[in-house]
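S.K.: Here it is: the structure, laid out below.
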Amino acid sequence: MSVRTAVIPAAGLGTRFLPATKAVPKGLLPVVDTPAIQLVVEEALASGLDDVVIVLGPGQEAVRDHFAPDRRLETELAARGKHEAGDAVRRATRPEVRFALQEEALGLGHAVRVAEQLVAGSAFAVMLGDDLIDPRVTLLRDMLAAAERTGGSVVATMHVGPREVGMYGVIEAAGEQDGLVRIASLVEKPAPDEAPSDLAVIGRYVFQPGIFEALRRTGTGAGGEIQLTDAISILATEQPVYALLLESGRFDVGNPLDALDAQVAFALERDDIGEELRQRLRARLDEA
């Protein structure tokens, strides 16, 4: 099994970031100076994938523009001697990126189904744009290796507390194998006293193509949407689905407070601004 393609669902409205997302797609909101969706694409390519399908909603043409060449801008920057800025523009130009359109907001499961023809019957990864992974963490690469080794699908999980469990899909385990947890089923956003475990699914998946048949058999679930977790539960009854635990290095940029946390964490790692930011934060905290 060789996985080449990552599917990145990005058709959400970004309601928690209004009014910023009124005209700008949520995926283009920057983490320091790089759009979040570009960081996810770079993670896919760094993990060995060479084909990326971004699922967009209507009116999100700006995402296409971001990854397309802009010769006029490159020429203008070169003429002004702004070579680092030109390098940044070329870094965002990604011929590996293709696009699919989700015309209706029918849920994450539906967004994945939209990409079926572009995946062409092969195993593939799904990467949610709201989840950023520290570039030093090899989560997706490890998941790809686990899928290769087991021949099954693999989802990323993390431990969560009782107050967080109702925000995620939570796994019911069916034993362990080679450092992985075999999944019996998934429960979408359970009440804390009804959760089958404290292992929550986060936004990285490696699927065998059988997930599409499971999605076709998935009715509307929580929120009146086609839930990917429901399809994974169906898939797990028919073929192996495993959970790989992530201990640390994940940032949720799907809400303003956690997005600020990601901004600070990524900025502190930068050679050009990290130390000065650290000093400014200390001064700000001393003033508070």
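S.K.: Would you check if there is a residue in segment 112-125 being outside any helix (DSSP H, G or I), hydroxyl-bearing (S, T, Y) and at pLDDT below 95?
M.R.: yes
S.K.: Could we say that R270 is part of a helix (DSSP H, G or I) and not acidic (D, E) here?
M.R.: No: the conditions fail for R270.
S.K.: Considering each residue of segment 73-109, count those that are in a loop (DSSP other than H, G, I, E, B), free of Cβ contacts under 8 Å to residues at least 40 places away in the same chain and open to solvent by 60 Å² or more (accessible area, probe 1.4 Å), and give that number.
M.R.: Residues meeting the conditions: 4.
S.K.: Among (1) open to solvent by less than 10 Å² (accessible area, probe 1.4 Å); (2) out of contact with any Leu (no Cβ under 8 Å at 6 or more places or on another chain); (3) not β-branched (V, I, T), which single condition is S153 missing?
M.R.: Of (1) open to solvent by less than 10 Å² (accessible area, probe 1.4 Å); (2) out of contact with any Leu (no Cβ under 8 Å at 6 or more places or on another chain); (3) not β-branched (V, I, T), only one is false for S153: (2).
S.K.: On the given criteria, is E194 of a type in the set (D, E), open to solvent by 20 Å² or more (accessible area, probe 1.4 Å) and more than 23 Å from V119 (Cα to Cα)?
M.R.: Considered against the rule, which asks whether it is of a type in the set (D, E), open to solvent by 20 Å² or more (accessible area, probe 1.4 Å) and more than 23 Å from V119 (Cα to Cα), E194 comes out as yes.
S.K.: Something else: Quickly run through segment 1-14 and pick out the residues that are surrounded by 14 or more Cβ atoms within 10 Å (Cβ to Cβ) and either within 11 Å of the chain's Cα centre (by Cα) or not small (G, A, S) (or both).
M.R.: Once the filter is applied, which keeps residues that are surrounded by 14 or more Cβ atoms within 10 Å (Cβ to Cβ) and either within 11 Å of the chain's Cα centre (by Cα) or not small (G, A, S) (or both), segment 1-14 yields V3, R4, T5, A6, V7, I8, P9, A10, L13.
S.K.: Right, here's the next one. Mind listing whichever residues of segment 166-196 are touching a Lys or Arg at 6+ places or on another chain (Cβ under 8 Å) and either of a type in the set (S, T, N, Q) or not in a strand (DSSP E or B) (or both)?
M.R.: G166, M167, Y168, D178, P192
S.K.: Here is a follow-up. I'd like the full set of residues that are of a type in the set (V, I, T), modelled with pLDDT under 95 and surrounded by 15 or more Cβ atoms within 10 Å (Cβ to Cβ), limited to segment 203-231.
M.R.: Correct list: T218, I226, T229.
S.K.: Across segment 48-72, what is the number of residues that are within 25 Å of D258 (Cβ to Cβ) and open to solvent by 30 Å² or more (accessible area, probe 1.4 Å)?
M.R.: 2
S.K.: Spot the failing condition for L45; the list is (1) open to solvent by 30 Å² or more (accessible area, probe 1.4 Å); (2) assigned to a strand (DSSP E or B), and only one is missed.
M.R.: The one condition L45 does not meet is (2).
S.K.: Continuing with the same structure: Could you tell me which residue of segment 1-50 is modelled with the lowest pLDDT, considering only residues that are among the polar types (S, T, N, Q) and under 30 Å from R149 (Cα atoms)?
M.R.: Once the filter is applied, the top-ranked residue is S2.
S.K.: Of everything in segment 48-67, what is of a type outside the set (A, V, I, L, M) and assigned to a loop (DSSP other than H, G, I, E, B)? Give them in sequence order.
M.R.: G48, D50, G57, P58, G59, Q60
S.K.: So which residues in segment 240-270 are closer than 21 Å to L108 by Cα and either over 20 Å from the mean Cα position of the chain (by Cα) or crowded, with 17+ Cβ neighbours inside 10 Å (or both), if there are any at all?
M.R.: V241, Y242, A243, L244, R250, F251, D252, V253, G254, A259
S.K.: Part of a strand (DSSP E or B), within 26 Å of L144 (Cβ to Cβ) and open to solvent by less than 50 Å² (accessible area, probe 1.4 Å), is that true of L235?
M.R.: It is false that L235 is part of a strand (DSSP E or B), within 26 Å of L144 (Cβ to Cβ) and open to solvent by less than 50 Å² (accessible area, probe 1.4 Å).
S.K.: Within segment 15-28, track down each residue that is surrounded by 19 or more Cβ atoms within 10 Å (Cβ to Cβ) and over 22 Å from L49 (Cα atoms).
M.R.: Within segment 15-28, P25, K26 meet the criteria.
S.K.: Continuing with this model, one more query. From A267, A243, grab the single residue that is within 26 Å of T21 (Cα to Cα) and modelled with pLDDT of 95 or more.
M.R.: Exactly one residue qualifies, and that residue is A267.
S.K.: Right, here's the next one. What number of residues within segment 165-174 are open to solvent by 80 Å² or more (accessible area, probe 1.4 Å) and under 22 Å from the mean Cα position of the chain (by Cα)?
M.R.: The number of residues fulfilling the criteria is 1.
The values are calculated or read from the model by the stated rules, or taken from the named source; none is laboratory data. Computed from a predicted model, the values in this text were never measured in an experiment. Cβ coordinates were reconstructed from backbone atoms using ideal geometry, including for glycine residues, and neighbour counts include every protein chain displayed. Just so you know, the surface numbers come from the protein's heavy atoms only, side chains and all, with ligands and any DNA or RNA stripped out. Shrake-Rupley method; radii C 1.70, N 1.55, O 1.52, S 1.80 Å.
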